[in-house]
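Taking it in order: structure first as structure tokens, then the write-up.
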Amino acid sequence: MTEKEKQSKVTQRAEDFLQVFKKGAEFTQQLLRENERLRFQLVQLEEQGRLASCAEQAMRKVESLKSQVADLEREKQEILQRIDRVEAENIDFANRYVEIEAENSSLANLYIATYQLHSTLDFRDVLKIISEIIINLIGGEEFAIFLLDENSGTLQAMAGEGIDLRHFPVYSLGEGIAGGVARSGESFFAEVLDAAPSDIDAPLACIPLKIKDRVIGVLAVYKLFVQKRCFDDIDYELFTLLAGHAATAIFASKLYSESERKLTTIQGFLDLLTK
Amino acid sequence: MADHKILVVEDSSIMRQLLVMALRRISGVTVLEASDGLEALKTIANEDLSLVFSDVNMPGMDGLKLVRMIRSDKRACEIPIVMVTTEGAKEDRDRALALGATAYISKPVQGAEVIDTACRLLGLPAGTPWN
């Protein structure tokens, strides 16, 4: 083998080696790419696994939250029902409060009327107080207080408001509404309270003033204040109170004034005798 | 709560008692009474009042003159005045308002209306706890 052939062979071998080396390098490159791809797949799989786990957790969480929402919804319904009950109670309390206030106001009026009626023994003051009760507590604009003269059996207007007392006739027992009320001892209330001009023969209300069953007079209301459209419950209570208490107050004041007069007369006689 | 003094000027003992009983139900309120305008002026001169309730028709000095006197008094001209009138007496009511009355209530008065009016003019909340 010549030197040239040897050299050619070496060159050939070197080239073969280079080829093998290149192929090895390419293979290595392919392996690296494959490795990279597999790593990427692995990461993807890991990510998918993690996501799957997360989704599972999320599903569990969603289920748990749904359960909580259902619980809260039930709780909300209970609270709403409780609120409804409390609101109903509130309305009930408010209504009762209004009723109690009205009752309180009525009791205050009755207390004042009773207190004032028995605060004096002066006949004129008693009539004035009865008039004030009718004006200020009942809202009467035109009315008269008739007292029964037991000797003549007639009713005479002794006090009043809104109508000249001279316009009132003297009623005998049983005559007209006032005379009828004095005879029967039963209160009279007109069925319709209209705003028509008052008529002294047609009172809106006529109340007997009684001590037990003995009628000593009547109270007749002919007209109410314009804002007063009808009699309220408290008005009937006040009429009932006036029927009894006004009668005793009038009777007591008359007795007192008579006893005072007699006392003065007797005192005068005594003074004459002792001088 | 600040103490308020309210003066009730009314010749009718029934109306006066009715107004006083209603006003005494408001917490922190002292109620003073006068039976006519002259007595009211004496009280106004001696007391630091927050509110006056006055009738229109009274012997001596009536409610309208009282309103005029209060409004011309530098010390008392700011006191709110509530007139107690009959619904039919529109002329009296208009005159009182023209003279400087702050508000009016009509007879027969209701306790709740008296309390509401007083609370409103004293700046007390509607639900002021009552005694």
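On the basis of being within 14 Å of chain A (Cβ to nearest Cβ) and either aliphatic (A, V, I, L, M) or crowded, with 19+ Cβ neighbours inside 10 Å (or both), does residue B:15 make the cut? Here the answer is yes, as residue B:15 does meet what is asked.
Considering each of A:3, A:87, A:26 in turn, give the residue that is surrounded by fewer than 10 Cβ atoms within 10 Å (Cβ to Cβ) and not assigned by TED's automatic domain parsing to the domain that holds residue A:234.
On the way: A:87 fails: surrounded by fewer than 10 Cβ atoms within 10 Å (Cβ to Cβ); A:26 fails: surrounded by fewer than 10 Cβ atoms within 10 Å (Cβ to Cβ).
Exactly one residue qualifies, and that residue is A:3.
Give me a count of the residues in the range A:241-261 that are free of Cβ contacts under 8 Å to residues at least 40 places away in the same chain and farther than 15 Å from residue A:145 by Cα. The number of residues fulfilling the criteria is 5. Could you grab me the full set of residues in the range A:102-125 that are polar (S, T, N, Q) and in contact (Cβ under 8 Å) with a residue 40 or more places away in the chain? Hits for the range A:102-125 are A:105, A:106, A:109, A:114, A:120. In the range B:78-95, the residues that are more than 18 Å from residue B:113 (Cα to Cα) and within 14 Å of chain A (Cβ to nearest Cβ) form Cβ pairs under 6 Å with partners that are assigned to a strand (DSSP E or B) and at pLDDT 85 or above, at six or more places apart or across chains, as follows: B:92/B:85.
The values are calculated or read from the model by the stated rules, or taken from the named source; none is laboratory data. Keep in mind that this is a model prediction, so the values were computed, not measured. We place every Cβ from the backbone using ideal geometry, glycine too, and count neighbours over all the protein chains shown.
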